[in-house]
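A short worksheet on the structure shown next.
The values are calculated or read from the model by the stated rules, or taken from the named source; none is laboratory data. Remember, predicted model here, so these are calculated numbers, not experimental data. A quick note on method: Cβ atoms are made from the backbone with ideal geometry, for glycine too, and the neighbour counts reach across all protein chains shown. We work out accessible area using only protein heavy atoms, side chains counted, and drop any ligands, DNA or RNA first. Shrake-Rupley method; radii C 1.70, N 1.55, O 1.52, S 1.80 Å.
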Amino acid sequence: MTKNTKKTKKDFCPKDAAFVFSSFTFVCVAIIFALIVYDVFTIQNFLSIDQPFRMVMSVVLASFALLMFGIILTLFFPSKYIDETNKNYQHYSLLGIFAFMFTGALFEEVLFRGIIQNLLFVFIEHQWTAIVITTLLFLGIHIQYFKKPIMLINITVPSLILGWIYFETNNILVPILAHFLMNLGITLLFKYNLLSTKR
């Protein structure tokens with residue numbers, strides 16, 4: 001019984017997941033570099049620092065608003081409608097949680113905002129169409145939520161906002177940081193029992 005319990009607990013390790021996300025991020029960065037070299041994108045599409053104040057405000061406001069959004073969903077909807085993934089990380093170390101949350105946000109934003117959304121915009125030339133299609137593709141990889149419509153909303157809203165603030169600032173660090181702070185915030189609230197799902 002004890003052996004099985006320990007084995008189940010080790011099925012997921014944030015540090016291992018962080019390594020996997022880092023590896024995939026490296027591949028995505030290599031793809032972006034190639035696209036810049038071949039003039040599909042410009043460096044200005046990714047790391048513009050023309051509007052530093054707007055960038056900082058976008059990170060702060062977006063991460064805070066999305067954190068509040070997640071808290072409201074958790075408080076008002078019963079646990080059977082909410083995925084408790086963030087709650088499950090509470091037994092891991094702060095370093096493990098930090099590494100996993102950061103590399104997860106890094107990979108998802110570089111892939112979906114940096115590559116997919118940018119490529120769609122290059123071909124479609126309409127920002128919100130690119131954002132919406134990217135969001136639909138993002139939903140597509142979360143098949144585990146298809147039976148939980150509330151969780152689909154929980155993914156859709158942040159994806160739309162992160163896509164929007166990326167186009168507004170032209171700096172991939174903005175959605176990465178907002179995504180990271182949102183996920184880290186909700187996870188720490190669960191870890192320190194400041195938030196719990198409604199029964």
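Some notes on this structure:
- Considering region 168-196, and only residues there that are hydrophobic (A, V, I, L, M, F, W, C) and not in a helix (DSSP H, G or I), the residue that is nearest to K80 (Cα to Cα) turns out to be L195.
- Region 35-83: number of residues that are more than 30 Å from N193 (Cβ to Cβ) and either within 17 Å of the chain's Cα centre (by Cα) or open to solvent by less than 40 Å² (accessible area, probe 1.4 Å) (or both): 6
- Of the criteria (1) under 27 Å from M57 (Cα atoms); (2) modelled with pLDDT under 95, which one W164 fails: (2)
- Segments classed as helices (runs of 4 or more DSSP H), wholly inside region 1-110, with at least 3 members that are of a type in the set (S, T, Y) and either over 22 Å from V174 (Cα atoms) or at pLDDT below 90 (or both): 2-9
- Criterion violated by L188 - all others in (1) out of contact with any Asp or Glu (no Cβ under 8 Å at 6 or more places or on another chain); (2) within 27 Å of L75 (Cβ to Cβ); (3) surrounded by 20 or more Cβ atoms within 10 Å (Cβ to Cβ) satisfied: (3)
- Residue within region 155-175 that is free of Cβ contacts under 8 Å to residues at least 24 places away in the same chain and among the aromatic types (F, W, Y) present: no
- Per the listing E109, E125, the residue uniquely acidic (D, E) and closer than 30 Å to C13 by Cβ is E109.
- Within region 134-150, restricting attention to residues that are free of Cβ contacts under 8 Å to residues at least 60 places away in the same chain and part of a loop (DSSP other than H, G, I, E, B), the residue that is least open to solvent (accessible area, probe 1.4 Å) is H142.
- Where R199 falls short, out of the listed (1) touching a helix residue (DSSP H, G or I) at 6+ places or on another chain (Cβ under 8 Å); (2) closer than 20 Å to P14 by Cβ; (3) open to solvent by 40 Å² or more (accessible area, probe 1.4 Å): (2)
- Set I165, I161, I153, I131: member being in contact with a helix residue (DSSP H, G or I) (Cβ under 9 Å, 6 or more places away or on another chain), surrounded by fewer than 17 Cβ atoms within 10 Å (Cβ to Cβ) and in a helix (DSSP H, G or I): I153
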